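Single-structure report; data block below.
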């Protein structure tokens, strides 16, 4: 217990530039003032440059510039940890406060300036501009995964919208982009990924002692490879208004949109540019391009033009 308290005392002192009264340290460490003074003597004997000052502004402090180096952590490693801690994952899993506390200690041990990155310079918000989220069942899913519990829930399939009752064992959690997935499987059945925002009425049951041991990262790589094999990529030459080019890159991904030389041909003017965009398949293209409305024109292939005409006819029929 004393070793832990000495570390805590060192971390507290390293995070302050002014001396801290012994009584304040005693309250924070939940010990007596006498115990704090004994701990200060122990730190000094161990080579930690700690000192005490008298007067109304007196107290206990470390020599200016001293930072305890824990676990051989470098400044770059501390910076990497602050970046990770700013992600929403910890908060979503219900351990945000614990992560912030731990990273605060790390930052004080490496370089106080790095702590300013946490939550102030680097912020990641998966909700975007509109905000708001459906109930994700993440807290219940995390509890089930910790104990490898059986779970039951109603699930809406992404493609067909079919509603089904699912009974499985919680084997892990996956966060892909901003979406959370429950990794489920029982016995010899294949591992499946259930997107939590498509889950309703999740109930956590008993522990599954026979639950299979799986490598979630490897299972995810396999599932993603199988998913990508289902599609035949299609490249399309498009005329796009300059004002919509950024949005197209955001919808498709930057590395899949290549600018062709010069402005778009024809009578469309300098406000248009010609690009080559690669989509997962034709259906992917027909989901993306209508979002750009009058800001995009398809030059080729003809297959994509026909698919968009068919979609336009369906929309028109539904509107009249």
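Structure above, values below:
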| item | result |
| --- | --- |
| Inter-residue pairs, beta-carbon under 8 Å, first more than 16 Å from residue 38 (Cα to Cα) and in the stretch 49-69, second in a strand (DSSP E or B) and modelled with pLDDT of 85 or more, 6+ apart | 58/52; 63/50; 63/51 |
| Identity of the residue in the stretch 160-200, over 22 Å from the mean Cα position of the chain (by Cα) and closer than 16 Å to residue 224 by Cα, that ends up modelled with the lowest pLDDT | 190 |
| Test: residue in the stretch 227-236 that is at pLDDT below 90 and touching a helix residue (DSSP H, G or I) at 6+ places or on another chain (Cβ under 8 Å) | yes |
| Search result, residues across the stretch 14-33 that are farther than 14 Å from residue 2 by Cβ and free of Cβ contacts under 8 Å to residues at least 40 places away in the same chain | 21, 22, 23, 24, 25, 26, 27, 28, 33 |
| Verdict on residue 178 being outside the structural domain of residue 303 (by the TED database) and closer than 30 Å to residue 303 by Cβ | no |
| Check on residue 98, loosely packed, with under 13 Cβ neighbours inside 10 Å, in a helix (DSSP H, G or I) and either modelled with pLDDT of 65 or more or out of contact with any strand residue (DSSP E or B) (no Cβ under 6 Å at 6 or more places or on another chain) (or both) | yes |
| Whichever residue in the stretch 23-47 is in contact with a strand residue (DSSP E or B) (Cβ under 6 Å, 6 or more places away or on another chain) and buried (at least 16 other Cβ atoms within 10 Å of the Cβ) and, among such residues, is farthest from residue 58 (Cα to Cα) | 43 |
| Residue under evaluation residue 168, criteria (1) exposed (fewer than 13 other Cβ atoms within 10 Å of the Cβ); (2) in contact with a strand residue (DSSP E or B) (Cβ under 6 Å, 6 or more places away or on another chain), criterion not met | (1) |
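The values are calculated or read from the model by the stated rules, or taken from the named source; none is laboratory data. Since the model is a prediction, treat every value here as computed from it, not as a measurement. So basically every Cβ, Gly included, is an ideal-geometry build from the backbone, and we count neighbours across all protein chains shown.
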